[in-house]
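Everything below concerns the one structure shown next.
The values are calculated or read from the model by the stated rules, or taken from the named source; none is laboratory data. Predicted, not measured: the structure shown is a model, and the values here were computed from it. Neighbour counts are summed over all protein chains in view; Cβ atoms, including those assigned to glycine, are modelled from backbone coordinates with ideal geometry.
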Amino acid sequence: MKTVFFASSPSIVRWAYTDVINDKQTEYCEFDLNNGVKKRLYTRKIAKITPFFLKKLIYRFLLGYDFLKTIRKNEEVLFIFTCQYNMLSRGIFYDFVKFLKRRYKKSKLVFYYNDIVETCSPEKLDFIKQEFDVVLSFDKTEAYKYGIEAYEEVYSVQDINKIEEEFKTNSEPSDVFFVGGDRGRFDLIIDIFKKLADENKKVIFFLFGVLEENVIKLKDLFGYQEGQRLITYKNSELHINEYCPYPRTLSYISKTKCMVEITLSAQTAPTLRLPEATVYHKKIITNCATATIKSYYKKENILFIENLKKASGKEMVEFINSPMVEVDYDFSPLKMVKMLQNRLFKR
């Protein structure tokens with residue numbers, strides 16, 4: 001049985017699917033209809049008037065998917081779409097889904113929200129639920145809210161030594177590491193940074209997308225100068241609007257003792273930071289309550305603080321300095337693929 005796995009592109013989430021990319025039994029495709037003039041010209045209106053027998057050729061031409069010429073119409077096929085960012089913003093996505101269902105009669109289609117529904121065109125959810133055989137969300141609360149199923153986050157373990165050698169990453173050891181955008185979390189991120197730095201911990205934070213109103217705060221707090229990329233505070237580093245590619249992020253993760261996760265107000269599920277901390281054996285401080293109900297949760301490894309603003313530096317330092325508990329958990333997307341194969345095709 002053939003499995004075709006579609007992921008949004010470009011995105012650091014692509015790294016989460018490395019196991020799928022390397023698996024010879026699964027075809028990995030990046031579903032990106034926004035890149036390229038040809039893709040943009042093929043609108044939903046044109047798709048509606050295109051004869052069905054031509055669509056296979058058109059989609060092969062536009063998307064370059066080999067499976068369109070190798071899979072027979074009567075084969076059993078599992079199509080898995082993962083959603084993030086703007087996958088649903090292009091109208092011909094919907095025509096493509098209908099094309100797959102009509103051409104491959106024995107296929108099953110699965111849609112996996114690996115980002116919160118609110119950021120993935122929630123108004124399109126009815127179409128997704130109607131056209132797909134299974135709809136999953138990494139966020140259990142959202143799954144309940146929207147009447148879909150929950151499936152925990154997926155992640156492929158990386159060979160960090162190999163990545164450091166290939167990408168020539170440059171990082172240094174730290175006690176605490178964070179990387180993320182402002183997105184309304186500025187005050188909380190800076191508060192955690194200062195509290196830990198004031199406790200003489202080596203803290204390295206990457207903060208990008210800083211809102212204009214928060215630039216003034218940086219000036220008042222640290223004497224920040226316009227365009228400055230690095231703020232040094234005591235023994236710590238605050239990188240401002242400096243892009244940290246994922247290979248470099250992994251390098252920093254490998255050399256830190258503890259990570260920090262700060263979720264958005266609308267999000268109730270952990271980010272990729274939690275799987276990363278688990279598989280690379282790092283401690284993590286988080287304000288995500290559902291982290292405590294994960295099957296791999298250990299209080300020695302995961303410190304949940306509901307109101308990080310009220311957290312004391314000493315409390316966090318005591319957690320960082322305490323011993324860890326070894327945990328083995330399989331986040332591989334191939335685990336999800338296997339589950340869906342068994343369920344939908346009665347393997």
> Considering region 22-51 alone, what residues qualify as being touching a Phe, Trp or Tyr at 6+ places or on another chain (Cβ under 6 Å) and modelled with pLDDT under 90?
Replying inline: Cys29, Phe31
> If you check Asp19 against the conditions, is it in contact with a Pro (Cβ under 8 Å, 6 or more places away or on another chain) and at pLDDT below 80?
Replying inline: no
> Within region 69-90, how many residues are surrounded by fewer than 20 Cβ atoms within 10 Å (Cβ to Cβ) and either farther than 23 Å from Arg14 by Cα or at pLDDT 90 or above (or both)?
Replying inline: 8
>> Six or more apart or on different chains, Cβ atoms under 7 Å: show the pairs whose first residue is in region 42-67 and part of a helix (DSSP H, G or I) and whose second is among the β-branched types (Val, Ile, Thr).
In response: Arg44/Ile92; Ala47/Ile92; Ile58/Thr50; Phe67/Val4
> For region 197-223, which residues satisfy the criterion of being in a helix (DSSP H, G or I) and in contact with a Lys or Arg (Cβ under 9 Å, 6 or more places away or on another chain)?
Replying inline: Ala197, Asp198, Leu221
>> Return the residues of region 132-190 that are assigned to a helix (DSSP H, G or I), polar (S, T, N, Q) and surrounded by fewer than 13 Cβ atoms within 10 Å (Cβ to Cβ); say none if nothing qualifies.
In response: Asn161
> When you go through (1) in contact with a strand residue (DSSP E or B) (Cβ under 6 Å, 6 or more places away or on another chain); (2) within 21 Å of Asn342 (Cβ to Cβ); (3) free of Cβ contacts under 8 Å to residues at least 40 places away in the same chain one by one for Asp133, which number turns out not to apply?
Replying inline: (3)
> Which one of these does Thr268 not meet: (1) assigned to a loop (DSSP other than H, G, I, E, B); (2) under 23 Å from Ser171 (Cα atoms)?
Replying inline: (2)
> Only one residue in Asn170, Asn200 is at pLDDT below 95 and either closer than 30 Å to Gly313 by Cβ or in contact with a Cys (Cβ under 6 Å, 6 or more places away or on another chain) (or both). Which one?
Replying inline: Asn170
> Looking only at region 92-113, which residues are touching a strand residue (DSSP E or B) at 6+ places or on another chain (Cβ under 6 Å) and β-branched (Val, Ile, Thr)?
Replying inline: Val110
